[in-house]
Structure formats: C-alpha cells, structure tokens
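What follows is a single structure, written as structure tokens, with notes after it.
The values are calculated or read from the model by the stated rules, or taken from the named source; none is laboratory data. Everything quoted here is computed from the prediction, not taken from an experiment. Every residue, glycine among them, receives a Cβ derived from its backbone with ideal geometry; neighbour counts consider all protein chains shown.
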Amino acid sequence: AKPVVAIVGRPNVGKSTIFNRIIGDRLAIVEDKPGVTRDRIYGSGEWGGKPFNIIDTGGIEIDGVDEILRSIRMQAELAIEEADVIVFMCDAKSGVVQADEEVAQILYRSGKPVIVAVNKVDNLNRMDDIYEFYSFGFGDPIAISGSHGTGIGDLLDAVIENL
Ligand code: GDP
Ligand code: MG
C-alpha cells in the first residue's frame, strides 16, 4: 500500500486549501466506514517519483469551543494511527495559539515524523513570522502560502524525505 500523509491542525489554518493544491484532481473514493471517516477526505499525490495517499482532516463544521477542541483531538489521534508522516499545519497570521499547543501535545506522543507547515506566509518579507513555530520542537517549520502556492514544493520535499 502507498504511504499515508495526514494533514492535521486546528480549523481555518488552510488544511483543505493545501490538500487540494497537492492532490489536484486525484480525490480518492473511499468506501463508507461507520463513524468517523465522514469527516476525512482522502486523495493521492506524488512528488519526486514517490506516490502517497493524503488525508485532509476536520471537514465537518462544529460549534462551540469545547466541541472544536474535542474534534481537533480526535482528528489528530486518528491521523496518528493511520499516517506514516504528519503535516502539522499552523497559521502565520495568528501565530501560535492554545489550540495549536493541544495538537502538538498529541503529536509528541505519536512517535511519527511531524513536519510543521506554517501557512498564510503570503508575503516572503514576512518570513520572521515563522520563527515562533520552532518552539514546538518538531524541527524547521516550512513557510507556505495556499493563496499563492509558494513553499509547497519545499513541504513535499520534507514529506517524501520521511516516507
Ligand atoms: P481548514 O479549515 O484548515 O481546512 O482551512 P481552509 O483551507 O478551509 O482555509 C481557511 C481560510 O483560510 C479560507 O478562507 C482560505 O481561503 C484561507 N486561506 C488558506 N490558505 C491561505 C493562505 O495561504 N493565505 C491566506 N491569506 N489565506 C488562506
Ligand atoms: Mg478543511
């Protein structure tokens, strides 16, 4: 089977935007499993001659802070089970927030390779915005912009290095 990459992170950081840029039109049809799969979307990608499957998590809209935190945790835990490499997506415009710390706590325990992708670096003069994301300790954060498509090659380089 192809290795699996999971994109996790709190809502609104741009996971689905990046997922769509990576898969193009290679959306996978996944047979319905009971329970949680309905809020996960599967696609396939390829980079440097390496094919992989990729999961976009957290597609269902949820209300209320408690529900959001519960859902973020559940999504991160599921992704850890299924994934060979995890892309932990954050938002340069907001900086590190509490919900990111929650996700990081779960990812620490995973023992799986984690790549921090800092999205919404729309202006390359704002690269300073990514420094605070070193604080998670997952290594060099990668600046990307879903709006402009920049940095996605660097992100995929890091992903396939860990497949
Ligand atoms: P998700 O909830 O993590 O899947 O995030 P989405 O992909 O749905 O994006 C959330 C919002 O952020 C949308 O309004 C996107 O248009 C916006 N967005 C995504 N990528 C970027 C980016 O690189 N720069 C900016 N400024 N906005 C972005
Ligand atoms: Mg989404």
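From the list S110, S94, S147, exactly one residue is in a loop (DSSP other than H, G, I, E, B), over 13 Å from the mean Cα position of the chain (by Cα) and modelled with pLDDT under 90. Which is it? If you could, list the steps in order and put the result at the bottom.
On the way: S94 fails: modelled with pLDDT under 90; S147 fails: modelled with pLDDT under 90.
Being in a loop (DSSP other than H, G, I, E, B), over 13 Å from the mean Cα position of the chain (by Cα) and modelled with pLDDT under 90 holds for just one of S110, S94, S147, which is S110.
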*Out of the residues in the range 51-61 that are surrounded by 15 or more Cβ atoms within 10 Å (Cβ to Cβ) and either part of a loop (DSSP other than H, G, I, E, B) or away from ligand 2 (no atom under 15 Å from the Cβ) (or both), which is modelled with the lowest pLDDT?*
G58
*With the checklist (1) under 18 Å from I144 (Cα atoms); (2) away from ligand 2 (no atom under 13 Å from the Cβ); (3) at pLDDT 95 or above in hand, flag the one item G48 doesn't pass.*
(1)
*Among the residues of the range 14-39, count how many are modelled with pLDDT of 95 or more, more than 9 Å from ligand 2 (Cβ to nearest atom) and in a loop (DSSP other than H, G, I, E, B).*
0
